[in-house]
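What follows is a set of notes on a single structure, which appears directly below.
The values are calculated or read from the model by the stated rules, or taken from the named source; none is laboratory data. The model shown is predicted, which means the values in this text are computed figures rather than measured ones. As a convention, Cβ positions derive from the backbone with ideal geometry for all residues, glycine included, and neighbour counts pool all protein chains shown.
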Amino acid sequence: MQYVAEQALNALSIGAEYSLLALGLAIVFSVMGLVNFAHGEFLGVGGYIMYAMALFGAGDIWMILPVCLLTVVITAVLLERVAFRPVRRAPATTGLLTAFGVAIILQNVFLMGVSPRPKAVPAVAVLNTTVDIGSFTFTILQFLEAGVTAIAIVLLVVFMRRTKLGLAMRAAAHDFTTVRLMGVRANRVIATAFAISGFLAGLAAIFFIARRGAIDPFMGLLPVLKAFVACVLGGFGSLPGAVVGGLVLGILEVVLIILLPDFLAGLRDAAVFFIIGAILVGRPQGILGKKAELGDKTA
Amino acid sequence: MLEVDNVSVNYGAVRAVHSVSLSVDEGEIVTLLGPNGAGKTSMLSAIIGLVPVAEGTVTFEGQNINRLDTESRVARGITVTPEGRHVFANLTVEENLILGAAIRRDADGVARDLETYLDMFPILRERFKQSGGSLSGGEQQMLAVVRALMSGPKLLMLDEPSLGLAPQIVDQIFKLISGLRDHGLTLLVVEQNAQEALKFADRAYILSSGNLEFAGTAEELRTSADLMKAYIGEGVS
Amino acid sequence: MDSGRPRRRLWHVEGARTLRSVRGATIIAAFAVGIGLLIMLFGEPYQVRLAVAAYINLILVLGLQIFMGNANVANLAHPGFMGLGAYLTSIFAVPLVIKKTLIPNAPFGLGEVQLGVVSSFVAAVSITGIIAALTGLVLVRLSGIAATILTLAILVIIHGVFVHWVDLFRGTQAFYGIPKVAGIETMMIATALVILVARLFKDSRIGVQLRASATNMLAAEAMGVNIRALRLIAWVLGGVVCGIAGALYAYYLGTVNARAFYFHAAFLTLAMHILGGMRSVTGAVVGVALISVAMELIRHLESGPVILGAQLPDLFGLGSLMLGVIIVLVMCLRSDGLMGGLELDEVLDRHWKRWRRGG
């Protein structure tokens, strides 16, 4: 029982992390049809800014967290302005390849600017403090991951339903041109989408680095792949789909950790991708996605 | 109010509109007629700024708006309900209408207008919390028109408001359109359905293959069988 | 459309088209091989080595082009298939004595098998093709971005298998002892052949239909084009060509390591492919040539050279950074690449016509 509860929270917290990343991808995709492969590098941006702050003596966690979030948000908005705006009207593949380029640039900026080797970032390690509730043992981080993600999702839903900009973003997912005919600035809608995706990625960065305790230039690669998979699994561009996909992925990973014998442990990621591939054979449109129809905005 | 002066529009390498001039005065209903592919929608797109003007000028209230983007033109008081309605299917009727008023800062005025229009179009009040996609074609057209009205436009352009609607609904839509003039609105209506459009329009233009073929009063066109035959053809219903 | 015409005429047109493709491929191949010949005759040994690397990359990029350029789906799995070609060739071709120390616990009795150079090549490329077909069955069910993400997943899975199936692939340790039988001559011949295959495929009925349907899959399906079958053919052919690149790689270097078949290779070749222009075979040649030269120049900068008496700092990562910059710039400024979808022979014909008209 105890084991099950611990593993369930574990799955939930890992899944929450993927959901945060996947949501950011899905928001940007739904609004402007861009698959932002560079999304994973937002983790790197968050991680390296934490590292830099600790290096220059600003190691207080209450200072690090907001600065980390803010930096990632600014980076996201800036990238949209510099790299993604010129390809906004181009086919999806052009946008995706641009994003690949941006990802490579950021990775190598980290590499050249700091080091090719992993660096320890103990600043947020505090979050790994364990808590005992009765006979159960959890870390603060696990609660935060599940809780903060839940709050972020609720806030996002409220924003998308209650504000004009949120409505415009939902409408843009359907028909961007008509949103412009309402007088809503396309640039504002897209910048907001990037800012939100950056904010969610910033949260994910904090959790991710708290979990790993270290950063390296290519740290964003695997998480963004998994976030992609979560998106595809849930139905690309669907926000609820991204959350569901993230959670399914988290559960799958934890189950595989438990089930896979030790000598196959290294194949965990491969196994996850394999199972996802199998799911997609049955439902190419994802779990929550609907079948594409002629004239739909497709990826 | 709107002056279109020798405007040409290109779609890629193809010229869709050849040096067309037209004007719409305040309080008028002007209709732009012509067969499919005549360049009517291109004309509207150029006026609202969705496609660039290749040659010529578009003037609104005495100011050249060639270089303004679509959003700024909407802010100045031009708006359009696009062909095929383009209701936001994933948003409720209410949300569609709120988004229609996105550029307005006067919350009281918005609420007042909303009430007025919901009284005018009671079916929308009935469907207020339903998604736009669940509405029938005629209801969607009404929603699209009201959504455009919510921005408080000075000039409302309608692109094929009768497209794909049952004749009964078409009548209803056109009645509503002529009623809008009494609210002090200026209208530019693109139609293939010439007979219907000429019933309520003050003036008419006819486009054919991107060229202006006729400019005059609706009366003139309506009463001259020859003109009708020459420009519209008998088969056009 | 053609149903009214006599069938023979159709064949005639097809024949003329094939001839034109062969002629085009010959011109492109002559260009690609010509550069190699010059380097062979006048270059220094290290330049010849660079040329060989460039040819292997070119074959890989052509494998990429066959699928990505025609089906218009960004693909990242190609280094995985290259890796399969390389590892499988090694497993078959390594002498038994060496194999006993490399993979003593080889499954399927592979520890007792040693094939000749050609048989190993054929076996390895065939198996790569089969694996490509199996993955392709899944892949063609997806379109656009989902398909791209699946190609990423395929790369991760293949790499995972290399690294973790220690009994067969030696994990992260290098595989060595492969007969070094391929030199620059082999590369040039192979490159010319692959250029021919890629160009013929592009101009074939399958290639044309595939490109026509790539922009709108649903519309193509509505018109009765079996797009899945077309894409599967392109995917398998592309995979086989990538496998060939891998096999040649193994026969040239004599040693194979899983690291060479992962994201770095994917991005490098992707940048080459994009720079030249995805939609043309010539684009692959141009992209590979330019980026190979650029990367070599940058490599000098990365190691902190002394320029005008000043010791520059190490700039490790600069090469990759530039790849990223190239990709972003090409996409923003000229997403069709330098060739803009044209082939060398088409460009030459155009100039020739203009020149004749001018004269």
**Message:** Could you check the stretch A:75-86 and list, in sequence order, the residues that are at the interface with another protein chain (Cβ under 7 Å from one of its Cβ atoms) and either part of a helix (DSSP H, G or I) or touching a residue at least 24 places away in the same chain (Cβ under 8 Å) (or both)?
**Reply:** A:Ala83
**Fill in**
Residue hits (the stretch C:65-119; closer than 30 Å to C:Phe267 by Cα, among the aromatic types (Phe, Trp, Tyr) and over 19 Å from the mean Cα position of the chain (by Cα)) are C:Phe92
**Item:** Residues within the stretch C:160-174 that are more than 8 Å from chain A (Cβ to nearest Cβ) and closer than 10 Å to C:Gly80 by Cβ, tallied
**Value:** 1
**Prompt:** How many residues are of a type in the set (A, V, I, L, M) and within 17 Å of A:Leu165 (Cα to Cα) if we restrict to the stretch B:94-123?
**Reply:** 8
**Prompt:** Taking the stated definitions as given, is C:Ser90 over 21 Å from C:Asn57 (Cα atoms), among the hydroxyl-bearing types (Ser, Thr, Tyr) and in a helix (DSSP H, G or I)?
**Reply:** no
**Request:** Specify which of the listed residues (B:Arg73, B:Arg67, B:Arg15) is among the basic types (Lys, Arg), in contact (Cβ under 8 Å) with a residue 60 or more places away in the chain and farther than 22 Å from B:Asn193 by Cα.
**Result:** B:Arg15
**Request:** Determine which member of the set C:Met68, C:Met82 is within 14 Å of another protein chain (Cβ to nearest Cβ) and not small (Gly, Ala, Ser).
**Result:** C:Met68
**In the stretch A:163-187, residue surrounded by the fewest Cβ atoms within 10 Å (Cβ to Cβ) [restricted to those that are facing chain B (nearest Cβ under 9 Å) and not in a helix (DSSP H, G or I)]** = A:Asp175
**Asked** How many residues are closer than 21 Å to C:Ala147 by Cβ and touching a strand residue (DSSP E or B) at 6+ places or on another chain (Cβ under 7 Å) when one looks only at the stretch A:2-55?
**Response** 0
**Prompt:** Do we have B:Ala204 as among the small types (Gly, Ala, Ser), part of a helix (DSSP H, G or I), surrounded by 21 or more Cβ atoms within 10 Å (Cβ to Cβ) and touching a residue at least 24 places away in the same chain (Cβ under 8 Å) here?
**Reply:** no
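Matching residues to (1) surrounded by 20 or more Cβ atoms within 10 Å (Cβ to Cβ); (2) polar (S, T, N, Q); (3) modelled with pLDDT under 90:
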| position | (1), (2), (3) |
| --- | --- |
| A:Ala103 | yes, no, no |
| A:Asn108 | yes, yes, no |
| A:Ala152 | no, no, no |
| A:Arg161 | no, no, no |
**Request:** Please give the helices (runs of 4 or more DSSP H) falling wholly within the stretch C:114-179 in which 3 or more residues are modelled with pLDDT of 90 or more and crowded, with 19+ Cβ neighbours inside 10 Å.
**Result:** C:117-139, C:144-164
**Complete:** Going through the stretch B:129-182 in order, the residues found to be in contact with a strand residue (DSSP E or B) (Cβ under 7 Å, 6 or more places away or on another chain), assigned to a loop (DSSP other than H, G, I, E, B) and of a type in the set (A, V, I, L, M, F, W, C) are none
**Message:** Looking at (1) assigned to a loop (DSSP other than H, G, I, E, B); (2) under 21 Å from the mean Cα position of the chain (by Cα), which one does A:Leu106 not meet, given that it meets all the others?
**Reply:** (1)
**Residue in the stretch B:24-40 that is among the basic types (Lys, Arg) and without any contact (Cβ under 8 Å) to a residue 40 or more places away in the chain present** = no
**Prompt:** Mind checking which residues of the stretch B:145-184 are within 15 Å of B:Gly27 (Cα to Cα), in contact (Cβ under 8 Å) with a residue 60 or more places away in the chain and away from chain A (no Cβ under 14 Å)?
**Reply:** B:Ile177, B:Ser178, B:Arg181, B:Gly184
**Message:** Whether any residue in the stretch C:134-148 is over 30 Å from A:Ala26 (Cα atoms) and in contact (Cβ under 8 Å) with a residue 60 or more places away in the chain is what I want to check.
**Reply:** no
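Quick check on B:Val51: is it over 20 Å from B:Leu198 (Cβ atoms), among the hydrophobic types (A, V, I, L, M, F, W, C) and not in a loop (DSSP other than H, G, I, E, B)?
On the way: over 20 Å from B:Leu198 (Cβ atoms): yes; among the hydrophobic types (A, V, I, L, M, F, W, C): yes; not in a loop (DSSP other than H, G, I, E, B): no.
No: the conditions fail for B:Val51.
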**Prompt:** Out of all the residues in the stretch C:140-176, which are on the phi > 0 side of the Ramachandran plot and touching a Leu at 6+ places or on another chain (Cβ under 7 Å)?
**Reply:** C:Arg170
**Asked** Just to be sure, is B:Arg85 within 14 Å of chain A (Cβ to nearest Cβ), more than 18 Å from A:Phe176 (Cβ to Cβ) and within 18 Å of the chain's Cα centre (by Cα)?
**Response** no
**Request:** Would you be able to say whether some residue in the stretch A:55-74 is touching a Lys or Arg at 6+ places or on another chain (Cβ under 7 Å), in a helix (DSSP H, G or I) and more than 12 Å from chain C (Cβ to nearest Cβ)?
**Result:** no
**Item:** So C:Val194, is it under 28 Å from A:Thr93 (Cβ atoms), under 18 Å from the mean Cα position of the chain (by Cα) and not in a loop (DSSP other than H, G, I, E, B)
**Value:** yes
**Asked** Looking at the stretch A:122-144, is at least one residue assigned to a loop (DSSP other than H, G, I, E, B), more than 30 Å from C:Ala74 (Cα to Cα), hydroxyl-bearing (Ser, Thr, Tyr) and modelled with pLDDT under 85?
**Response** yes
**Residues that are within 28 Å of A:Arg89 (Cα to Cα) and surrounded by fewer than 20 Cβ atoms within 10 Å (Cβ to Cβ), drawn from the stretch C:322-346** = C:Val325, C:Leu329, C:Cys332, C:Leu333, C:Arg334, C:Asp336, C:Leu338, C:Gly340, C:Gly341, C:Leu342
**Message:** Just the residues that are more than 12 Å from chain A (Cβ to nearest Cβ) and under 20 Å from the mean Cα position of the chain (by Cα), please, taken from the stretch B:94-113.
**Reply:** B:Asp113
